[in-house]
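We did not get these values from a lab; they are worked out from the coordinates using the rules stated. These numbers were taken from a predicted model, which means no experiment stands behind them. Note: ideal-geometry Cβ built from the backbone for every residue, glycine included; neighbour counts use all protein chains shown.
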Amino acid sequence: MNIGVNSCLFMAILFGFMAIVFALLKEKGTMLIGGFNTLPKEKIEKYDKEKMSCDQRNAFVVWIVVFVIGALISYFVSTYAATVAFIIWLILFFRDFHFGTEKAFEKYRK
């Protein structure tokens with residue numbers, strides 16, 4: 001096995017664990033979302049926590065698929081496929097990244 005396969009599989013397993021945590025905790029898992037746990041209690045109640053947790057779990061599943069495909073292509077074709085998988089993951093990650101809590105969670109308002 002090459003380093004590309006190992007790194008992609010490591011990331012897939014890591015995100016798999018995190019997806020399982022969000023699936024099991026359901027709406028209580030929102031406290032693991034960065035920035036949400038720092039909001040005041042009265043503001044937390046204004047958001048759909050179940051949808052937030054479900055969306056976060058689904059994001060992890062998409063990231064798992066990216067890294068598993070990256071590992072397979074890296075194993076069978078070229079080690080550099082892992083680099084492409086990491087670039088795709090970074091694009092997906094920063095697409096949903098926001099600096100302000102209001103902007104980050106505005107689509108989950110009740």
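Below is a table of values for the structure above.
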item: Cβ-based charge dipole, the stretch 23-110, positive-most Cα from Tyr47, Gly70, Tyr80; result: Tyr47
item: The stretch 3-108, relative contact order in percent, only Cα pairs under 8 angstrom and at least six apart counted; result: 38
item: Electrostatic dipole magnitude of the stretch 3-108 [Cβ: Lys, Arg +1; Asp, Glu -1; Cα centre; debye, to 20]; result: 80
item: Table column - 3J(HN,Hα) (Hz), the stretch 55-63, Karplus curve with 6.51, -1.76, 1.60, x for Gly and Pro; result: 5, 5, 4, 5, 4, 4, 5, 4, 5
item: Angle in degrees between helix 81-95 and the longest Cα principal axis of the chain, rounded to the nearest 10; result: 10
item: Folded to 0 to 90 degrees: helix 3-25 orientation relative to the chain principal axis, Cα; result: 30
item: Taking the C-alpha atoms of the chain, convex hull volume expressed per residue in Å³; result: 88
item: Candidate aspartates and glutamates - alpha carbon under 17 Å from Lys28, same-chain residues fewer than 8 apart omitted; result: Glu42, Glu45, Asp48, Glu50, Asp55
item: Theoretical ellipticity at 222 nm over the chain - DSSP helices of four or more residues, -39500 (n - 2.57) apiece, nearest 500; result: -22500 deg cm²/dmol
item: Whole-Hz ³J(HN,Hα) from phi, Karplus 6.51 cos²θ - 1.76 cosθ + 1.60, for the stretch 104-110, glycine and proline x; result: 5, 10, 5, 6, 9, 5, 7
